[in-house]
Amino acid sequence: MLHRLTCLSVSCLLLTAAHVTAEPLVTYTFNGDEHFFNTPGVNDGSPDEFGPTTIVTGLTATNTLPSGDVRLGNWLQTYADQVMAVGTGGTAQFEIDDYFSITVTPDAGTIIDLESITLDGARGGGSDRGFVVRSSVDGFTANLNGPETESMATQRPTLTAYTIDLTDPAFDAISGPIEFRFYAYSTGPDNVLELDNIAINGVIVPEPSGLALLGIGGLLLFRR
C-alpha cells in the first residue's frame, strides 16, 4: 500500500510540475548608471548595468557578455527607460564571432523547462540592422528566430516586442548550463541595435529524484 501511495504521490508531483505556468526565470532591464560603449568584446560595465535584474531561486545567470566586435552600452536616448545599445562591426550580415551571450545554469538538483525568450528591440537609426539567436543545445548552428538578413521592424524610440520560441523538446529538462548567443549585424560600424526587457521564460522544478524523495517524505510523515 505504501509503495502504491508513494508512486501516486510522485506522479502527482510530476504532473503538477509539468503544468506549472511558465514565468520569467531571469530578466535584464539595463537600468543602471548610463554607460557608453565598452571595448569591443569586453564587458567592463558594472553588474547593475549588464547583469540580471531579477532571477528566480535555483538558478544563476551571467551578465550580457560581448564577444568579437560587439560593443555594449546602456543609455536613455529618447526612450522612457534605459536600453542596452549593441554596436557591431558594421557588416550587413551577422558574423559568427560577433555576439553577446547569456548563460543560465540550474543549481544542482534542479531542472528547467524553457518556453521562450522575450525582448523589446529597435534600430538605433534608419538603416537595416537586426539579430539572430542561437543556443548551445545544438552547438550554435540553427537560428531560433528569423533569417540573418531580416531587419528589425521599428526605429528608436519605438520598440517592437519579439518572442523566440523554445518549446522544442530540446529545451526541456535542462540540468546544466545553457548558453544563448545574440548575433547582431548592422550596415555600419557606428550603427546600433537597442534592446530592452530581455527575459528567459520557463519552469523550474526539482529533478525527478528530488520529487520522489519529497513524495516519500510526505507519506512517511502522513503514516506517523
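The values are calculated or read from the model by the stated rules, or taken from the named source; none is laboratory data. As the structure is a computational prediction, the values presented were derived from the model and not from experiment. When we count neighbours, we look across all protein chains shown, and the Cβ atoms used for this are built from the backbone with ideal geometry, even at glycine.
Residue selection: Arg134 fails the criterion of being under 15 Å from Leu193 (Cα atoms), of a type in the set (D, E, K, R) and at pLDDT 90 or above.
Of all residues in the range 145-163, those that are assigned to a loop (DSSP other than H, G, I, E, B) and either more than 21 Å from Asp97 (Cα to Cα) or at pLDDT 95 or above (or both) total 6.
Of the residues making up the range 71-115, those that are touching an Asp or Glu at 6+ places or on another chain (Cβ under 6 Å) and not β-branched (Val, Ile, Thr) are Asn74, Trp75, Ala85, Gly89, Gln93, Phe94, Asp98, Ser101, Gly109, Asp113. The residue that is surrounded by the most Cβ atoms within 10 Å (Cβ to Cβ), counting only those in the range 76-118 that are closer than 22 Å to Ile200 by Cα and without any contact (Cβ under 8 Å) to a residue 60 or more places away in the chain, is Asp107. Within the range 105-139, being closer than 13 Å to Ala173 by Cα and part of a strand (DSSP E or B) holds for Thr105, Pro106, Thr110, Ile111, Ile112, Asp113, Leu114, Glu115. Among residues of the range 59-75 that are surrounded by fewer than 21 Cβ atoms within 10 Å (Cβ to Cβ) and of a type in the set (Phe, Trp, Tyr), those with a beta-carbon under 8 Å from a residue that is modelled with pLDDT under 85 and in a loop (DSSP other than H, G, I, E, B) at least six positions away or on a different chain give the pairs Trp75/Glu34; Trp75/Phe36.
Every residue in the range 42-57 that is in a loop (DSSP other than H, G, I, E, B), under 20 Å from Asp69 (Cβ atoms) and either at pLDDT 65 or above or out of contact with any His (no Cβ under 7 Å at 6 or more places or on another chain) (or both), please. Correct list: Val42, Asn43, Asp44. Scanning the range 95-104 for residues that are among the hydrophobic types (A, V, I, L, M, F, W, C) and assigned to a loop (DSSP other than H, G, I, E, B) yields a single hit, Ile96. Residues considered: Ile111, Ile96. Of these, the only one that is of a type outside the set (Gly, Ala, Ser), under 27 Å from Pro177 (Cβ atoms) and modelled with pLDDT of 95 or more is Ile111.
Here Asn143 meets each of (1) within 12 Å of Tyr185 (Cβ to Cβ); (2) free of Cβ contacts under 8 Å to residues at least 40 places away in the same chain with one exception, condition (1).
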